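Colleague: So that we are looking at the same thing, I have put the structure below in structure tokens.
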Amino acid sequence: MGITTIILIIVVLVALMVAGFYNKFVKLSTRAKEAWSDIDVQLKRRYDLIPNLIETVKGYAAHESATFQKVTEARTAAMGAQSVEEQADAENMLSGALKSLFAVSESYPDLKANENFLELQRELTDTENKIQASRRFYNTNVRDLNIAVESFPSNIIANIFKFTKKDFFEFEEAAAREPVKVKF
Amino acid sequence: MSSNLYKVGESNVSKTWLLMSGFALIIVLIGWFFSLYYDSLTIIYVFFLFALLMNVFSFWFSDKIVLKLTGAKKVDKEEYYGLYTLVENLCITAGLPMPKIYVIDESAPNAFATGRDPRHAIVAATTGLIDIMSDSELEAVMAHEMGHVQNYDIRISMITFGLVSAIGFLTDIVLRMMFYGGDRDKDNNSPWMMFIGLIVLILAPIIAVIVQMAVSRQREYLADATSAMTTRNPEAMVSALQKLKTSGRPMKRQNGATAHLYISNPLKAGFLGKMFSTHPPIEDRIARLRDNANKF
């Protein structure tokens, strides 16, 4: 076997390896992007539910305007967030504001019996669970991408083709923040 | 690790092909023996065709047969809001499409998953399961079932189900024909050939069942691990398994062919039942979960 053949084989092998890693990065970053859009869907659903919720609560507790104000502001901030980190902070604020809204509504028995209110509360809880679920999926994908970007030898290919690490979506789980009353 | 679970899914897809060709081979072997015995090549072609059809049939229709056999009914979000949203969330966490949800009216707690791929998956739970499990335990059990979906176990177990029944059926026919068949010219068959053929006929169904059991047991451990991984809560799976152990009892509609699908063994346990079980003992499953708990 001549030296040219050996060199040719090596070149082909390296080219195949580069292509393989490149495709892996395309797959991983596409998965991460898809996962982020899943989170986005759930976040939007939550933004859409909030005005309805405020309207319903207003009907029974009109003078709690400070709380409404806080929720509306937090919602606007969350909708305008740019980076992953900003988004996480804004969503935490919004969750906190919503929690105080529900705490306020505890003192209005008529409101608590309102079908519409109960339905909205159920929808919101469901949406929050789904945000957590899609956040986990996103973080799993980001972790896989980040591991590949950092480990050798795939990091070389990542550098050449500018595949970079993505931020985790760190969103405090409701349970971890403070004890929550569990209702069944 | 999820990256490993992606790989499990991929390797299971290739295993499916291995399994399907393995079973096809057994069927063709039976046909080959049959054609030697009757000295006609047509029979082997018929068997080959049968093997092919059986594979295609079990790929497309086994899930429907399973649903019929178990008496499961499809439910929607309104009827079983808790169960439905819980599975929805698990699907989002694992990045899977939403399966169809079925409920079996049965007081024995149990659950299973079936379907040929994640896009055509079905998960079923008994009403008994929904009643006795807490929210996090029910989540763990459903995550175990979604683990079967994610790892393509459902396809493997579904195809095994179809093919094991087919092999049993075929060998039965051949053996009957041998014993009760009319007289024919046997001079051109060597006794060795006959002997080997007979052994193939007897062993084929046994091998098929052993393969089914071995495949099933491994998959259970893996699905437990997947459940702990998706819910980040191995303890919920452990306590669900303990509940299944204490309040688990045989189901009303027992059927050996669908046993391997369930999360806990639906059959009455006898001595042979334990030896040829489709499920590892619950104690072992709990021990493995606890061993791996710090890895999640």
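Colleague: Can you tell me the orientation of helix A:115-150 relative to chain A, as the angle in degrees between its alpha-carbon axis and the longest Cα principal axis, to the nearest 10?
Modeller: 20
Colleague: How large is the charge dipole for the stretch B:30-94, taken about the Cα centre, if only the Cβ atoms of Lys, Arg (+1) and Asp, Glu (-1) carry charge, to the nearest 20 debye?
Modeller: On the way: 5 positive and 6 negative charges, 19 e Å.
Roughly 100 debye, rounded to the nearest 20.
Colleague: Also, quick follow-up: With a Förster radius of 60 Å, plug the Cβ-Cβ distance of residue B:130 and residue B:42 into 1/(1 + (r/R0)^6) and report the FRET value to the nearest 0.05. The partial results should precede the final answer.
Modeller: Numbers: r = 53 Å, r/R0 = 0.89.
It comes to 0.65.
Colleague: Pop the C-beta distance of residue A:125 and residue B:232 into the FRET formula with R0 = 22 Å and round what comes out to the nearest 0.05.
Modeller: Values: r = 19 Å, r/R0 = 0.87.
With R0 = 22 Å, the Cβ-Cβ based efficiency is 0.70.
Colleague: Of all trypsin sites (Lys or Arg not before Pro) in the stretch B:213-250, which ones are in loop regions per DSSP and have a Cβ with at most 12 other Cβ atoms within 10 Å?
Modeller: On the way: sites: B:217, B:219, B:232, B:243, B:245; in loops: B:232.
Here the trypsin sites (Lys or Arg not before Pro) that fit, given the DSSP loop and packing criteria, are B:232.
Colleague: Kirkwood hydrodynamic radius for the stretch B:72-145: how many Å is it when counted over pairs of different Cα atoms? Write down the numbers at each step before the final one.
Modeller: Details: mean 1/r = 0.0825 Å⁻¹.
Over the stretch B:72-145, the inverse of the mean reciprocal pair distance is 12.1 Å.
Colleague: Taking only C-alpha pairs under 8 Å that are 6+ residues apart, what is the relative contact order of the stretch A:44-117 in percent?
Modeller: On the way: 42 pairs, mean separation 28.3, N = 74.
Dividing the mean separation by the residue count of the stretch A:44-117 yields 38 percent.
Colleague: Over all directions, average the projected area of the Cα convex hull of the stretch A:1-111 and note it in nm².
Modeller: Numbers: hull surface 38.2 nm².
Seen from a random direction, the Cα hull of the stretch A:1-111 projects 9.6 nm² on average.
Colleague: Report the FRET efficiency, 1/(1 + (r/R0)^6), for residue B:283 and residue B:203, where r is their Cβ-Cβ distance and R0 is 25 Å, rounded to 0.05.
Modeller: Details: r = 32 Å, r/R0 = 1.28.
In this case the efficiency is close to 0.20.
Colleague: Loop sites only, by DSSP: take the trypsin sites (Lys or Arg not before Pro) in chain A that have at most 15 other C-beta atoms within 10 Å and name the longest stretch containing none of them. Display every interim value, and only then the final one.
Modeller: Values: sites that count: A:162, A:165, A:181, A:183.
The segment A:1-161 is the longest one with no such site.
Colleague: Also: About the Cα centre of the stretch A:115-173, how large is the charge dipole given +1 on each Lys and Arg Cβ and -1 on each Asp and Glu Cβ? Please answer in debye to the nearest 20.
Modeller: Working: 8 positive and 11 negative charges, 108 e Å.
Charge dipole of the stretch A:115-173: 520 debye, to the nearest 20.
Colleague: Then there is this: Between the helical axis of A:84-105 and the dominant principal axis of chain A, each derived from Cα atoms, what acute angle in degrees is found, rounded to the nearest 10?
Modeller: 20
Colleague: Let me ask something else about it. Could you compute the longest span of chain A free of GluC sites (Glu not before Pro) located in DSSP loops and having at most 12 other Cβ atoms within 10 Å, not counting the site residues? Walk me through the numbers on the way to the answer.
Modeller: Values: sites that count: A:106, A:170, A:173.
Longest site-free region, per DSSP loop and neighbour criteria: A:1-105.
Colleague: Here is a further query. For the stretch B:18-39 and the stretch A:56-113, what is the separation of their C-alpha centers, rounded to whole Å?
Modeller: 69
Colleague: Additional query: What full-extension length gain, to one decimal in nm, is calculated for residue B:53 and residue B:79 as 0.36 nm per residue of separation minus the Cα-Cα distance? Walk me through the numbers before you get to the answer.
Modeller: Values: separation 26, 0.36 × 26 = 9.36 nm, distance 3.84 nm.
Here the segment from residue B:53 to residue B:79 would lengthen by 5.5 nm.
Colleague: Given an 8 Å cut-off on Cα distances and at least 6 residues of separation, report the relative contact order of chain A as a percent.
Modeller: On the way: 132 pairs, mean separation 59.8, N = 184.
Rounded, it is 32 percent for chain A.
Colleague: Calculate the dipole size of chain A relative to its Cα centre from +1 charges on Lys and Arg beta carbons and -1 charges on Asp and Glu beta carbons; express the result in debye to the nearest 20. Before the final figure, lay out the partial values.
Modeller: Working: 23 positive and 25 negative charges, 133 e Å.
Here the size comes out at about 640 debye.
Colleague: Same structure again: At 222 nm, what value in deg cm²/dmol follows for chain A if DSSP H runs of at least 4 each add -39500 (n - 2.57) and the sum is divided by all its residues, to the nearest 500? Present the calculation step by step, with values, prior to reporting the outcome.
Modeller: Values: 7 runs with 146 residues, N = 184.
Result for chain A, helices only: -27500 deg cm²/dmol.
Colleague: To the nearest 10 degrees, how steeply does helix A:65-80 sit against the main Cα axis of chain A, on a 0 to 90 scale?
Modeller: The angle comes out at about 20 degrees.
Colleague: Relative to the present Cα-Cα distance, how much length would full extension add between residue A:150 and residue A:9 at 0.36 nm per residue of separation? Present the calculation step by step, with values, prior to reporting the outcome.
Modeller: Numbers: separation 141, 0.36 × 141 = 50.76 nm, distance 2.79 nm.
Result for the pair: 48.0 nm of gain on full extension.
Colleague: Subtracting the Cα-Cα distance from 0.36 nm times the residue separation, let me have the gained length for residue A:16 to residue A:30 in nm, one decimal. Display every interim value, and only then the final one.
Modeller: Numbers: separation 14, 0.36 × 14 = 5.04 nm, distance 2.10 nm.
So the extension gain works out to 2.9 nm.
Colleague: Still on this model: Report the Cα centroid-to-centroid distance between the stretch A:14-33 and the stretch A:119-167 in angstrom, as an integer.
Modeller: Between the Cα centre of the stretch A:14-33 and that of the stretch A:119-167, the gap is 16 Å.
Colleague: Ok, one more. For the stretch B:39-157, calculate the relative contact order in percent as a whole number, restricting contacts to Cα pairs under 8 Å that are 6 or more residues apart.
Modeller: Values: 151 pairs, mean separation 27.0, N = 119.
That works out to 23 percent.
Laboratory data are not the source of any read-out in this text; all were calculated from the coordinates shown. Since this is a predicted model, take the numbers as computed values, not measurements. Note that we place each Cβ from the backbone using ideal geometry, even for glycine, and neighbour counts take in every protein chain shown.
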